[in-house]
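A quick write-up on the structure given underneath.
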Amino acid sequence: MAVLDAVPHVTVQVRVAGELATEYDPLDDQAAAASLNSRQPEIHVKHSYIESKTGAEYSIEVTVTPEFEFPNNHDAIEAHVCLDGVWMAGKFYPKSDLISMTGTLAISTACFAAERAGGEPNIRRFIFAPITRSSEKSADEARIDIKRAKSLGIIKVVLLTGVMGEKHRRLIRQKYRRQELKFAEKAMKGREISHGTQFVASHEMPVMSVTKIYDSRQLGTFIFHYRSHKALQHEMIIPRDPSPESSTPTNLDEDELSHLSEADIRRLARERLRQYQVKEEWPLIKREADWTPRPARQWKIVKLDDGKQVFDLTDD
């Protein structure tokens, strides 16, 4: 779970396909680059990497314990979610509900304006979708894609506290447009980004009344960079898969031989000898037409005093 030292007793997590996502810390150089691009002081920003999966729904969970200390007269904690650089949703939790129990804000949907006049606003759930690359986009399209790609693959959660005010009717201006996840090759050069966020229809009914929050003060920002398993490996966030080892051993040391039976050792020795004999066979030599074979040498047999017979190998 992501935690900020400057914001104790508050954690932020991402749940993917119903399971809490494992969080990975960025490399030192990635953290430094992220800090340079952030408008917040480094102590108030937490970067993490998580694994995204095509077609998986996800949600953001903010957990606050009763030990959390609200500043001044503030009586609410807010969480605002931006996906791929676009604000999508916000929720708050009242201080009065945290007196004796831990509170959790779960954000998994965005509310969009009615698609036609007289229609109802619609709720859509967050889902990971794969991006594609194109080499056929125009220069103008590529410039737009380069700007969009800077925030692609990012879940940004901004935490604030404030003072609860009056309730009023919700005004929904955000219109739903299906996210175009086809990017120019130039925009994706040097980027290990695999997914973007799209939205799928939900049967939930929108809440049409909201509470006004005043005097909002920012606590900190949590940024989750989501990537496929392969992309995480390419960015060296997680280790690569080990190379498959050969199932046939090439050399056996003494320790391995000690575990073999005598029959197995003899069998291996015969196989090794057979391989050696095949390898050491003399090549056939082409005989010339005038070649005359040498007669086989006749060895002299000598009888010893004890009656045994031996070959005389001397040249005499």
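The values are calculated or read from the model by the stated rules, or taken from the named source; none is laboratory data. Treat the numbers as computed from the prediction; the structure is a model and nothing was measured. For neighbour counting, all protein chains shown are included, and Cβ atoms are generated from backbone atoms with ideal geometry for every residue, glycine included.
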Find the residue count for region 142-170, including only residues that are in contact with a Phe, Trp or Tyr (Cβ under 9 Å, 6 or more places away or on another chain) and of a type outside the set (A, V, I, L, M, F, W, C).
7
Would you pick out the residues in region 171-211 that are out of contact with any Phe, Trp or Tyr (no Cβ under 9 Å at 6 or more places or on another chain) and of a type in the set (Gly, Ala, Ser)?
ALA184, ALA187, GLY190, ALA201, SER202, SER209
Among the basic types (Lys, Arg), more than 30 Å from PRO71 (Cβ to Cβ) and free of Cβ contacts under 8 Å to residues at least 40 places away in the same chain - does that describe any residue in region 161-173?
no
Test LYS137 against the stated conditions and say whether it is loosely packed, with under 14 Cβ neighbours inside 10 Å and either in a helix (DSSP H, G or I) or in contact with a strand residue (DSSP E or B) (Cβ under 6 Å, 6 or more places away or on another chain) (or both).
no
When residues of region 165-186 are filtered for being over 27 Å from LYS137 (Cα atoms) and either assigned to a strand (DSSP E or B) or more than 32 Å from the chain's Cα centre (by Cα) (or both), how many remain?
9
Filter region 222-236 for residues that are assigned to a loop (DSSP other than H, G, I, E, B) and not small (Gly, Ala, Ser); the one that is surrounded by the fewest Cβ atoms within 10 Å (Cβ to Cβ) is MET236
Of the criteria (1) in contact with a strand residue (DSSP E or B) (Cβ under 6 Å, 6 or more places away or on another chain); (2) modelled with pLDDT under 95, which one ALA114 fails
(1)
Among the residues of region 104-121 satisfying the criterion of being surrounded by fewer than 17 Cβ atoms within 10 Å (Cβ to Cβ) and outside any loop (DSSP other than H, G, I, E, B), which is nearest to the chain's Cα centre (by Cα)?
ALA106
Single residue of GLY90, GLY85 found to be on the phi > 0 side of the Ramachandran plot, assigned by TED's automatic domain parsing to the domain that holds ILE127 and either over 26 Å from the mean Cα position of the chain (by Cα) or not basic (Lys, Arg) (or both)
GLY85
